[in-house]
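Only one structure is covered here, and it is reproduced in the block below.
The values are calculated or read from the model by the stated rules, or taken from the named source; none is laboratory data. The structure presented is a predicted model; accordingly, all values stated were derived computationally and were not measured. Glycine gets a Cβ as well: all are built from the backbone with ideal geometry, and neighbour counts include every protein chain shown.
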Amino acid sequence: MAVQNILVVDDSKTELMVLSDLLGKNGYTVRTAENAEDAFRRLCEERPDLILMDVVMPGQNGFQLTRAIVRDPQYADIPIILCTSKNQETDRVWGLRQGARDYVTKPVQADELIAKIRALA
């Protein structure tokens, strides 16, 4: 599966801008969402090839949203990479147990993130 369209979910406008810029410069089409409700709305509008998901967000957090997406048969095959400041090994393990394909800690290292996205293909 070639990744072209990426949905970035993060409550920080700065992070959305940084990630959108990085991904755009690497040839990806990016859409953004600032919370779980917004993310589900975006999923319904246009199916992404990949979701980059923050964990710490108001309301439903990224772990909960990841679990909800992978349990929904309509979206279960969309890979999710958690992209978060939570850098403990237990957080990484928990995120992967929720259904994320990979886990990246902030501040994001551009080369690492692009390599992880390409590895999904």
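Points worth noting:
- Residues in region 24-42 that are under 12 Å from the mean Cα position of the chain (by Cα) and closer than 18 Å to residue 3 by Cβ: 30, 31, 32, 33, 39.
- Residue count for region 71-118, restricted to those that are in a loop (DSSP other than H, G, I, E, B), within 22 Å of residue 18 (Cα to Cα) and among the hydrophobic types (A, V, I, L, M, F, W, C): 2
- Filter result for the condition that a residue is over 16 Å from residue 51 (Cα atoms) and either crowded, with 18+ Cβ neighbours inside 10 Å or free of Cβ contacts under 8 Å to residues at least 40 places away in the same chain (or both), over 101, 97: 97
- Residues of region 59-93 that are closer than 18 Å to residue 14 by Cβ, in contact with a helix residue (DSSP H, G or I) (Cβ under 9 Å, 6 or more places away or on another chain) and at pLDDT below 95: 84, 86.
- Of the strands (runs of 3 or more DSSP E) lying entirely inside region 1-70, those containing at least 3 residues that are within 19 Å of residue 85 (Cβ to Cβ) and in contact (Cβ under 8 Å) with a residue 24 or more places away in the chain span 50-53.
- Residue that is nearest to the chain's Cα centre (by Cα), among those in region 72-86 that are surrounded by 11 or more Cβ atoms within 10 Å (Cβ to Cβ), of a type outside the set (Lys, Arg) and more than 14 Å from residue 117 (Cα to Cα): 84
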